[in-house]
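Contents: one structure, followed by commentary.
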Amino acid sequence: MSDKPFTPSEPSRIAEAFASAWDALRRNPTMLFGLVVLTLMAFLSFGAPYFGLLDPLRQNPMDRLQDPTLQYFLGTDMYGRDLFSRVLHGGQISLLVGLSVAFLATTIGLAIGLIAGFSRRVDAVVMRFMDALMSIPAILLAIALVALWGSSVPNVILALTIPEVPRVVRLVRSVVLMLRDQTFVQAAIASGTSTARILVRHIMPNTIPPLIVQATYMCAQAVIFEAYLSFVGAGTPPEIPSWGNIMAEGRSYFFQNFGIIMFPGLFLAITVFAINTFGDGLRDALDPRMQRRV
Amino acid sequence: MYAYVIRRLLATIPIMGLVAVFVFLLLHMSPGDPAAIIAGDNATEENLEQIRALLGLNDPLHIQFLRWLERLLQGDMGVSIYSGLPVERLIWQRVEPTLLLTLMTMIIAITLAIPLGVLAAWKVGTWVDRLVMTVAVLGFSVPVFVLGYTLVLGGSIGLGWFPVQGYTPIRESFTGFLLHITLPALTLGLVYMALIARMTRATMLEVLNEDYVRTAYAKGLATRKVLIKHALKNAMVPITTTIGLGLALIIGGVVVTETVFSIPGLGRLTVDAVLRTDYPVIQGVILVFSLTYVLLNLLIDLSYVFFDPRIRY
Amino acid sequence: MAYPFTSAQRGISLRTALMAAPLVGAGVLAHAVPAQAQDGSVLRIVPHADLSNIDPIWTTAYITRNHGYLVWDTLFALDEDLEVQPQMAEGYEVDDDGLVYTITLREGLTFHNGEPVTAEDAVASLERWARRDGMGQKLMSYAEGFEVEDDLTFTLTLSEPYGLVLESLGKISSNVPFIMPAELAATDPAEQVPEIIGSGPFVFIEEEWQPGNLVVYERFEDYVPRDEPASYAAGGKIANVDRVEWRYIADPATATQALLAGEVDLYEQPAVDLLPQLLDDPSITVETVDPLGTQGLMRFNFLYPPFDNKYIRQAAMWAVQQPDYMYTIMGDEEYFESFCGAFFMCGGPFETDIGSEPLQTQDLDRARELLEEGGYDGTPVVILDPTDVPVAHGQSLVTAQALRDIGMEVELRSMDWATMTSQRASRDHPEDGGWNMFPTWWLAVDQLNPISNISVAASGDDAWFGWPEDERIEQLRDDFARETDPDVQMEIVEELQEYLYEFVPYIPTGQYYQPTAYRDNVSGVLEAPVPFFWNIEVD
């Protein structure tokens, strides 16, 4: 654990954040484990098309619901498609959704939060709006949005991003509010520095460390939520395999071949576990105050 | 204090109003023509026109919203496109299983999570702590339905202890109810448990460093007494807040769990409505869930006034 | 309006529900569970689908048809020899020219509300049905109209002789000409009837209906069954159970477990993949109750390229083979024909495999040649893919793969079944929400001849979804309808089928047989293409 907490009274550098993250990584084996597993998963998923696997979409009606064999390492699903190939390819969508949601929610939330934190007029309106958005349970909102827009990967990403934005906005806003009255900010205002410049140069860097931590958790949650959406039939289109929709399609067959749920479930759980342990390590290193936020 | 309670209650009104606006816009931003969705298969252009006129779909959006809101406030949530039944009736039919499943889940999760969290904080840095925390992170990492199906395979098919699916109303048979609700409640409870256990540990760690706890130790009080009477009692406020906020997780999980275990509750109603793009039902369910969520959290907030003497308004 | 219930009938206001929901759990328990008739015999079944629409004239959905048979009765009915028998009708007479049918109702029939069934009700119901149903529309194109003679008698007058009058009135499958009270039958056929009042052997209990979960019927004490034994839809419909409960379970695996655990008595359509478990249990009977089976099909859209071109439709037919479909959707050879090339079903009166070579042999080279001949330019084919119905989803997937194999561009558009049933009605361009192909299936009883098989109709705008237009097909169907000699009818069918294989209105993906499973406390399950719930006893 790093004992170098960020003091909000001095504007910190993003580079410094990375340095302490790197430091933590060297000293924290679980965090390193998370990162290694995550990298491995990304390699397996995005490398899948180049490993010479069976076509993940190819149906073989005569080879349905098979147990693992030499030809099909993890067996086949109800259409005789190769599960191994599907599970590896499926990681692409799941990771893509996870990373995109984390990135988009952080970026959008950061922008809104900075502005809301600095302008009292905007703040009143925006925060009411965010409170309302937060009072709709995230997964319900996402399901409703996908039902509305139709199932496609971009729609799923957007539908999972929207419920996350308010949480980021709150986080950023709280940092901004804390810094707004600090001397170095007041001094910058007094010296005639433009608001935009103050936000970008002095305030934003301080929001980055907690945001990175928050982003890893959002990424983990988005991977799981993508699976939930697919499971209830409002996810990514079944033609492109994702961990979620492989499991969703296999659920009627879980007595015949539990592997259709178990293998993608295992890959997903390992990935999310890795992201979470990585996130926990980051949090300890970057933002000890966040420990209380779970 | 009453002024505070009233102020807090009033503050939920604009929030629920905004939620209503979102929910209203859901249907009206949909890509399809609501009239065509309602009319079904063989609708002619005249049918569609009739329906649009009847539902007022030709009016400006804000007029439609006000009309919808007016009916909503009178308890009229519209009519399901799919079955033609009033939405409030469909929701009412499904309340019992979801309510009881949620309650059972909370009971199981809280009774397990708080002792685990306290234990981890007390034994911080040891293998006990690490084990509890690893299980907690796992709880966040395993999708609810994977756990659900694993429990079905083990508990229902392997051991034969529990029925595989379905729901028995508590009035019909209490034993039947318990047997049916146990696996779903366990399934749903894991994430919630993970959340509460982590929060308990984190708060306890903080509290254990406070002076008064050290003093209590120094006075030679028994560890158990210090942990529970001094530390946990003071840690309860943030833990209770987490219990309230974590309800969102349960509500999300209900949707999936009820599907796995074929429980005819609000979650299944939501999923069915989504699959059939039955917008009035989707709107109704979201409103009910959000309102419940907001009110429960408000109740929890207000309860601090009574439970924690240090909090004064 | 399409809404069956008025706001006056709504039970509990939202406000009450909301106030009660989070706060007073105990109050909920007292109200949410409807009182159950525990003392009588109950038949608990898992139906094949959730009952969504309750008007069997408004929709052709099989689940609504099955619901209709519980609640309503028919004038005529098909028996197991595929002959039409009087049901509510006492009998009928035809004049010497074969133009005037005089039909008399049985005495003493009443509706569930206690009103007697009259000729006026029958005429109003038939008129509404005939505006909605394909076979009814055909019948009316040969008819001048119905006329009420007295309380129990009415006539149907034709403008020229028509060979399928009784076949139409005794139609066993969707839309079934059910007889409703005249007030209900006055409902616009494009809207659903506002309430459910029939004269059938069971009464629909509206208060207990929970869409997505439960439908309840109770025995109609005043029903007057016929004396003949039950045979398909004909004969005496004797309700032997006090109460029928449809408990819908979406997931086939859980439904199977529910049957194994005795939580339900009968599972209408178990998935073939799950049968081994059921067969292992000696207390469960698995049998195929519909001896005629079902035809799977992939329908083309004739309005847009590429399938507006017959060479490309032929190419698709050369590219596929039935075993691929059948293994995918049924799994076990015991439940499907290894090949059936008959458009009007194997085992039916008009079975022939004439012209079926393109379907019987898979020849990808031939298919590619035909694509070239048809000038296929890479236009993507939009296939609707209802992922929640395995029989349909499997057909879409197999077709997509076959078409890709011959070099066509394919876009699978996934949706749920209910959405598909409305999307397929869209005549828009495939890029704007329209489609090129969709999967479905018809029961053999619906496909037995060129009139009832509406997927071969080629009347353009009036045809079934896909809207093919072809004069020769329509001419042959008319010839068939006018003909009364079965041998000549068969000749017409042969000529028609040979032409259909050239025209390709759809791809028959195979003929399969859906088993039903029930526990040993159930007896008297009728062999029939439609699941009937009379005659069944429960211990």
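Going by a ≥ b ≥ c, the root eigenvalues of the Cα gyration tensor, does chain B fall in the rounded group (a/c under 1.5), the prolate group (a/b larger than b/c) or the oblate group? Cα axes put chain B in the oblate bin. Accessible area per residue for chain B is 42 Å², calculated with a 1.4 Å probe on protein heavy atoms, without ligands, DNA or RNA.
Estimated at the nearest 10 Å², the accessible area of C:Glu498 is 100 Å² with a 1.4 Å probe.
Of the residues making up region A:100-138, those losing 30 Å² or more of accessible area when the isolated chain is joined by the remaining protein chains, with a 1.4 Å probe, are A:Arg128, A:Phe129, A:Ala132, A:Ser135, A:Ile136, A:Pro137.
Think of the protein assembly as shown as having a plus end and a minus end, set by charges on the Cβ of Lys, Arg, Asp and Glu; of A:Leu65, C:Ala517, C:Val203, A:Leu65 sits farthest toward the positive end of this dipole. Ellipsoid fit via the Cα gyration tensor, region B:105-245: semi-axes of 35, 16, 12 Å, each the root of five times an eigenvalue, largest first. Give the distance, in whole Å, between the Cα centre of region C:444-461 and the Cα centre of region B:53-72. Each part's Cα centre sits 43 Å from the other's. Rg and Dmax over the alpha-carbon atoms of the protein assembly as shown stand at 32.3, 114 Å. Put B:Asp59, A:Asp67, C:Asp416 in order of accessible area, highest first, and with a 1.4 Å probe you get A:Asp67, B:Asp59, C:Asp416. Computed from backbone phi, the HN-Hα couplings of region C:353-360 come to 10, 4, x, 7, 3, x, 7, 6 Hz, rounded to whole numbers (Karplus: 6.51 cos²θ - 1.76 cosθ + 1.60, θ = phi - 60°; Gly and Pro given as x). Across B:Lys233, B:Lys225, the residue with the most accessible area heads the list, and the full order at a 1.4 Å probe is B:Lys233, B:Lys225. With one equal scatterer per alpha carbon and no solvent term, the Debye-computed log10 I(q)/I(0) for region C:296-407 at 0.10, 0.17, 0.22 1/Å reads -0.30, -0.89, -1.34. Using the 1.4 Å probe convention, the accessible area of chain A works out to 39 Å² per residue with neighbouring protein chains retained. Note on C:Tyr513: accessible area approximately 40 square angstrom, rounded to 10, probe 1.4 Å, nucleic acids and ligands left out. Region C:250-307 and region C:334-364 have Cα centres spaced 22 Å apart. For region C:406-468, the solvent-accessible area with a 1.4 angstrom probe is 30 square angstrom per residue.
Please list log₁₀ I(q)/I(0) at q = 0.06 Å⁻¹ for chain C, using the Debye equation with identical point scatterers on the alpha-carbon positions. Rounded to two decimals, the profile gives -0.31. Per-residue ellipticity at 222 nm computed for chain B from its helices equals -24000 deg cm²/dmol, with DSSP H segments shorter than 4 residues left out and the rest contributing -39,500 (n - 2.57). Note that region B:105-113 has calculated 3J(HN,Hα) couplings of 4, 5, 4, 4, 5, 5, 5, 8, 6 Hz, one per residue in order, obtained from phi through the Karplus relation 6.51 cos²θ - 1.76 cosθ + 1.60 (θ = phi - 60°); glycine and proline are x. Gyration tensor analysis over the Cα atoms of region C:215-296 returns equivalent ellipsoid semi-axes of 28, 18, 12 Å (largest first, whole Å). Working note: Cα gyration tensor of region B:164-313, eigenvalues times five, square-rooted, sorted largest first, giving semi-axes of 39, 19, 13 Å. Helical runs (DSSP H, four residues minimum) scored at -39500 (n - 2.57) apiece and divided by the length of chain C put the mean residue ellipticity at 222 nm at -8500 deg cm²/dmol. Derived scalar couplings between HN and Hα for region B:235-247 equal 7, 5, 4, x, 5, 4, 4, 5, 4, x, 5, x, 4 Hz in order, rounded to whole Hz, by the Karplus curve 6.51 cos²θ - 1.76 cosθ + 1.60 (θ = phi - 60°), x for Gly and Pro.
The contact between chain C and chain B removes approximately 4700 Å² from the accessible area (both sides summed; 1.4 Å probe; ligands, DNA and RNA excluded).
Here's the picture: charge each Lys and Arg Cβ at +1 and each Asp and Glu Cβ at -1 in region B:90-307, and of B:Ile286, B:Gly160, B:Val274 the one pushed furthest to the positive end of that dipole is B:Gly160. For C:Ile451, no residue 5 or more places off, or on another chain, has a built amide H under 5 Å of its own. Charge tally around A:Ala248: other residues with Cβ under 12 Å, Lys/Arg +1 each, Asp/Glu -1 each, net -4. Accessible surface buried by the B/A pair amounts to about 4100 Å², both sides summed, 1.4 Å probe. Annotation: amide H of C:Ala233 within the under-5 Å range of C:Leu78, sequence separation 5 or more or interchain, hydrogens built in the peptide plane.
Chain A contacts chain C over a buried accessible area of about 1800 Å², both sides summed; the probe is 1.4 Å and only protein chains count. Note on surface exposure: C:Thr157, B:Thr215 rank B:Thr215, C:Thr157 by accessible area, highest first, 1.4 Å probe. Within the assembled protein chains, the solvent-accessible surface assigned to A:Met247 is about 0 Å², based on a 1.4 Å probe.
Computed from the C-beta positions of C:Glu90 and C:Glu183 and an R0 of 25 Å, the FRET efficiency is 0.55 to the nearest 0.05. When a 1.4 Å probe is rolled over the protein heavy atoms, the share of accessible surface on the protein assembly as shown that falls to carbon and sulfur comes to 57 percent.
Per residue, the convex hull spanned by the Cα atoms of chain A amounts to 141 cubic angstrom. When only Cα pairs below 8 angstrom with a gap of at least 6 residues are kept, region A:1-158 shows a relative contact order of 14 percent. Computed extension length for B:Phe174-B:His62: 35.4 nm, one decimal, from 0.36 nm per residue of separation with the Cα-Cα distance subtracted. Spatial offset of region B:196-211 relative to region C:394-443 amounts to 57 Å, using the alpha carbon center of each. Cysteines of the protein assembly as shown lacking any other cysteine Cβ under 4.7 Å from their own Cβ: A:Cys219.
The values are calculated or read from the model by the stated rules, or taken from the named source; none is laboratory data. Here the structure is a predicted model, which is why all the values come from computation and not from measurement. Cβ atoms come from the backbone with ideal geometry, glycine included; neighbour counts cover every protein chain shown. These area figures cover heavy atoms from the full protein model, side chains too; ligands, DNA and RNA do not enter into them. Shrake-Rupley method; radii C 1.70, N 1.55, O 1.52, S 1.80 Å.
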